[in-house]
Amino acid sequence: MNTIDPIYITGHLHPDTDSIASAIAYSFFKRAMGVRAIPCRLGKLNAESSYLLKRFGFEEPMLLTDARVCLSEIKLDPLRYFKPDTTIFEALQEMNTGHFTYCGIVDDEMHLVGLVTKSDIAAVGLGDTAYNIDILSKVSPEDIARTIDGKILFNDPEMQINGRVSMLAMAEKSRIEDYDISGRIVIIGDYAEAQKAVIRKGAGLLIIVWAEGVDEEVLALAKEHHCPIILSGHGAMNTSRYLFFAPEVRHIMKTDLITFTTNELAEDVGAKMMRSRYHIYPVVTPDKKLFGYAARYHIMNCENKKIIMVDHNEFSQSVRAIEKARVLEVLDHHRINDFSTTQPVTFRNEIVGSTATIVATIYRENQIPIPQNLAGLLLGALLSDTMNFHSPTTTDKDRQTANILAAMADLDIDEFAKDMFAVTANTEGRTLTEMLNQDMKIYDVRETKFSISQVIVTSTKDLPDEKASITSTVEAFADKKQLDLAVLVFTSILENGSVVYYGGNRAMWAHEAFPDENNEEHSFQDGLLSRKQQILPALTKVISSYS
């Protein structure tokens, strides 16, 4: 599985500590095996996960929003660019040296302002005379001197040129009278009388060839007529050829561009490319800074992400467009529901209380040592998912693994669990809507779509007195999410039980699964702890009986 392309390891939507820790730990294991693995999350971290990451010195995993590839994730053509004041001649030389046929034009902050291609440059040398006149009328003496390896002998800010060019290199003074050279760029030889004649006739700029200097009388006359003088480093022919490439690229660049942003999906970009005929497209960041260049072959050759799913196997609980990704592996301890792939995958599903238990086992099977801080993080995930071994999903393997991890991390399990659950059970500052969203899983059973949100509290006696307010919030949540049923479970590990609230047009089914006792509405459900082994099966049984 050794590959250049990254493999994204991710838990489920609305991540809990087990999914976050397992993604981080399994990514570490894969990197130890030579695989470029990246741990991911699919949502905001809960307080418990944030606490454990900070305690053990881990960074928050990257947020993965889509299994499809966006432009920032594929290999594009290199980032090449010119500044607007680059001369056409300089641009052409760089293109020839670097063997590329296009280049973006950027400002000082790297914002894309245009694009120039060799076709644009070819139009300068082969295009209509009127086009050349237009761009040469905007050229500066400095750019001309750089282009023809010249030396400015005199410059004047009051220079006036019209873009037209006359070459009078061999002409004598008497012949010059026949030419209209007013405002023109004049290429002339080393003959002082002829030079003075063209200046008097109103030449806009003088380029002298085959000379090492200029007469003082010529300089004085040039100053009087505001006519700059440049001494060329080439003969007449090359001077005339190169002169047309002296203007800056800003004057020939295209500005009406089709561009794409780095966060656009490759498949969407491919569809847009089919509606145009360009061979290259600039790619910019959301703030319009040049990032690279995309062509059709980039899109045709790219693949969607390679993903390893941990702590879940249902596509409905995974990243957007997971069905388009290449799923390589699954590590999970939940039921197997809607999972299917077009290619074989490594699938490991065990009857344990935590995916962290499976990950820790894989380390031992492959004799890969677990770093101390990672052992602490895995222990926290294991205790979280098994509710400090109170959950009915807990197995002997979970307890054995927890003891091994505690020894590696040099932690006392009871003290560590006490610290961790003090953070988990703290609901201060969190709204009911936030609690509904934080640790929520969505299921689809017999065409009934429902959610189960579980919130750990210190005591169910500390819940808000307004039961009607909680019910109305759950009702509104079910309506907003277009669910047949939304279930909110407040679980106390210390009290070994839960209180269940529900809303939606199938709310009575939840009431039947968790009936009130002693005529108390939303009464305490003794021993109800596990979403996977108790809450979900009870709801599934009732739903199946009615569907």
If residue 30 meets every condition in (1) within 30 Å of residue 454 (Cβ to Cβ); (2) touching a helix residue (DSSP H, G or I) at 6+ places or on another chain (Cβ under 7 Å); (3) of a type outside the set (Phe, Trp, Tyr); (4) at pLDDT 95 or above apart from one, which number is that one? (2)
Can you tell which of 38, 24 is open to solvent by 10 Å² or more (accessible area, probe 1.4 Å), modelled with pLDDT of 95 or more and closer than 30 Å to residue 281 by Cα? 38
Just to verify a result, which residue in segment 71-94, among those that are open to solvent by less than 60 Å² (accessible area, probe 1.4 Å) and either without any contact (Cβ under 8 Å) to a residue 24 or more places away in the chain or assigned to a loop (DSSP other than H, G, I, E, B) (or both), is nearest to residue 150 (Cα to Cα)? 86
Residues within segment 248-257 that are open to solvent by 70 Å² or more (accessible area, probe 1.4 Å) and in a loop (DSSP other than H, G, I, E, B), tallied: 2
If only one of 483, 529, 539, 488 is assigned to a helix (DSSP H, G or I), aliphatic (A, V, I, L, M) and in contact with a strand residue (DSSP E or B) (Cβ under 8 Å, 6 or more places away or on another chain), which one is it? 539
Of the conditions (1) farther than 26 Å from residue 127 by Cα; (2) surrounded by 15 or more Cβ atoms within 10 Å (Cβ to Cβ), residue 220 fails just one. Which one is it? (2)
Among (1) within 32 Å of the chain's Cα centre (by Cα); (2) part of a helix (DSSP H, G or I), residue 339 falls short only on (2)
All but one of (1) part of a helix (DSSP H, G or I); (2) touching a strand residue (DSSP E or B) at 6+ places or on another chain (Cβ under 9 Å); (3) surrounded by fewer than 18 Cβ atoms within 10 Å (Cβ to Cβ); (4) without any contact (Cβ under 8 Å) to a residue 60 or more places away in the chain hold for residue 270; state the number of the condition that does not hold. (2)
Considering only helices (runs of 4 or more DSSP H) wholly within segment 108-178, the ones with at least 2 residues that are at pLDDT below 95 and open to solvent by 70 Å² or more (accessible area, probe 1.4 Å) are 118-126, 129-136, 173-176
From 434, 428, grab the single residue that is part of a helix (DSSP H, G or I), open to solvent by 30 Å² or more (accessible area, probe 1.4 Å) and of a type in the set (Asp, Glu). 434
How many of the residues in segment 184-239 are assigned to a loop (DSSP other than H, G, I, E, B) and in contact with a Ser or Thr (Cβ under 6 Å, 6 or more places away or on another chain)? 4
Complete set of residues in segment 509-526 that are at pLDDT 90 or above, open to solvent by 40 Å² or more (accessible area, probe 1.4 Å) and either among the polar types (S, T, N, Q) or assigned to a strand (DSSP E or B) (or both): 524, 526
Take the residues of segment 350-384 that are open to solvent by less than 60 Å² (accessible area, probe 1.4 Å) and outside any helix (DSSP H, G or I): which is farthest from residue 397 (Cα to Cα)? 371
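The values are calculated or read from the model by the stated rules, or taken from the named source; none is laboratory data. Since this is a predicted model, take the numbers as computed values, not measurements. Glycine also receives a Cβ, built like all others from the backbone with ideal geometry; neighbour counts cover every protein chain displayed. Ligands, DNA and RNA are stripped out before the accessible areas are found, and what is left, the full protein with its side chains, is counted by its heavy atoms. Shrake-Rupley method; radii C 1.70, N 1.55, O 1.52, S 1.80 Å.
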